[in-house]
Ligand SMILES: *[C@@H]1O[C@H](CO)[C@@H](O)[C@H](O)[C@H]1NC(C)=O
Ligand SMILES: *[C@@H]1O[C@H](CO)[C@@H](O)[C@H](O)[C@H]1NC(C)=O
């Protein structure tokens, strides 16, 4: 037996010990969910945000249209951009809001797919661990909610980012709200680790399309406007790594903003329930391609060469469509 072979069991044991201790490696990378695209290599999905209100404020009407459009497009999964349960997240894993605002609302057969979800600021006002708990998957196996994670469909890699901890005001001026920061403190470490992990995950990605999803706006003409902390911390990572799209909720509207300085496109799908805020800060039409103050949702159909974003209202009317294209050329090996 040579030396290397005799050392092997020790090496394996060492790896096992490190893996079990879970400190060094498991926290260092974003969890990754492989999700195959269709046989023809395309992918279809719906995006909805800011929704959980027991069906009220047209939540149920949005859900019905999602079911109809979802069937037409044969959607592979649904993305939730956060603020999943109003007004203060879930109280626990046994909170009836989970059924009443989710399971019993999005009942259409086409929506019985994975729901990849991030947390919004309202979710942080409840029991965050409960909303992230795998126990909810036993109640409804569609529910996949984590703070930050990756969905890898090969042609597209989706990077889900927990944006609430990055926003100062919830810490500095929470008003009368109590936020559940368990697992987030010390905040500075949390943010810097998150940004580092995100940056390296995007750099490692070979996907044709790269899409970042978060709850908060980067840019918005809605009442919340731009999120300065994200412009400062997140946008440089997106631009440097040539991310194609940023998708968010938070402003209760449907919106498409184009950037003048880069190819990055911004899509807000936050019309899952309460809307009609009536506060719009009109921007340069070269940037603001579309704004709808009411309820609705967005679809995305994507192939190697094309990404189609479409916005729908509660009647299923097509409000706005945007197509981005990429050359079909394969990279030279
Ligand atoms: C529901 O949608 C209709 C049609 O857009 C709108 O007129 C109505 O105000 C909405 N209701 C609420 C509570 O937002
Ligand atoms: C995108 O939309 C255009 C125009 O509606 C359509 O011709 C094309 O087939 C669509 N592509 C995908 C991938 O859905």
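The values are calculated or read from the model by the stated rules, or taken from the named source; none is laboratory data. Fair warning: this is a prediction, and the values are worked out from it, not measured in the lab. As a convention, Cβ positions derive from the backbone with ideal geometry for all residues, glycine included, and neighbour counts pool all protein chains shown.
Condition test on residue 266, is it in a strand (DSSP E or B), free of Cβ contacts under 8 Å to residues at least 60 places away in the same chain and away from ligand 2 (no atom under 15 Å from the Cβ)? First the steps, then the outcome.
Numbers: in a strand (DSSP E or B): yes; free of Cβ contacts under 8 Å to residues at least 60 places away in the same chain: yes; away from ligand 2 (no atom under 15 Å from the Cβ): yes.
So residue 266 passes the test.
Of the set (1) under 23 Å from residue 83 (Cα atoms); (2) out of contact with any strand residue (DSSP E or B) (no Cβ under 7 Å at 6 or more places or on another chain); (3) crowded, with 18+ Cβ neighbours inside 10 Å, all apply to residue 251 but (2).
Which residue, of 243, 247, is assigned to a loop (DSSP other than H, G, I, E, B) and more than 16 Å from ligand 2 (Cβ to nearest atom)? I'd like the intermediate steps shown before the answer.
Details: 247 fails: assigned to a loop (DSSP other than H, G, I, E, B).
So the residue among 243, 247 that is assigned to a loop (DSSP other than H, G, I, E, B) and more than 16 Å from ligand 2 (Cβ to nearest atom) is 243.
Just the residues that are outside any loop (DSSP other than H, G, I, E, B), over 18 Å from the mean Cα position of the chain (by Cα) and either buried (at least 22 other Cβ atoms within 10 Å of the Cβ) or in contact (Cβ under 8 Å) with a residue 24 or more places away in the chain (or both), please, taken from the stretch 130-153. Matches in the stretch 130-153: 130, 135, 136, 139. Looking only at residues in the stretch 215-233 that are in contact with a helix residue (DSSP H, G or I) (Cβ under 7 Å, 6 or more places away or on another chain) and outside any helix (DSSP H, G or I), the one that is nearest to residue 301 (Cα to Cα) is 215.
Criterion applied to 49, 82 was being surrounded by 18 or more Cβ atoms within 10 Å (Cβ to Cβ), within 16 Å of ligand 1 (Cβ to nearest atom), in contact (Cβ under 8 Å) with a residue 60 or more places away in the chain and closer than 25 Å to residue 153 by Cα, and the one residue passing it is 49.
Residue count for the stretch 87-129 satisfying the condition of being in contact with a helix residue (DSSP H, G or I) (Cβ under 8 Å, 6 or more places away or on another chain), crowded, with 24+ Cβ neighbours inside 10 Å and under 21 Å from residue 176 (Cβ atoms): 6.
Please tell me if residue 290 is in contact with a helix residue (DSSP H, G or I) (Cβ under 9 Å, 6 or more places away or on another chain) and not in a loop (DSSP other than H, G, I, E, B).
On the way: in contact with a helix residue (DSSP H, G or I) (Cβ under 9 Å, 6 or more places away or on another chain): no; not in a loop (DSSP other than H, G, I, E, B): yes.
No, not satisfied.
Give the stretch 262-287 a look and list any residue that's touching a helix residue (DSSP H, G or I) at 6+ places or on another chain (Cβ under 6 Å) and surrounded by fewer than 19 Cβ atoms within 10 Å (Cβ to Cβ), or say none. If the condition is that a residue be touching a helix residue (DSSP H, G or I) at 6+ places or on another chain (Cβ under 6 Å) and surrounded by fewer than 19 Cβ atoms within 10 Å (Cβ to Cβ), then 262 is the only one that fits. Does residue 299 satisfy the condition of being touching a helix residue (DSSP H, G or I) at 6+ places or on another chain (Cβ under 9 Å), assigned to a strand (DSSP E or B) and within 16 Å of ligand 2 (Cβ to nearest atom)? Criteria met by residue 299.
Restricting attention to the stretch 252-261, does a residue exist that is at pLDDT 95 or above, more than 16 Å from ligand 2 (Cβ to nearest atom) and in contact with a helix residue (DSSP H, G or I) (Cβ under 9 Å, 6 or more places away or on another chain)? No, the stretch 252-261 has no match at all.
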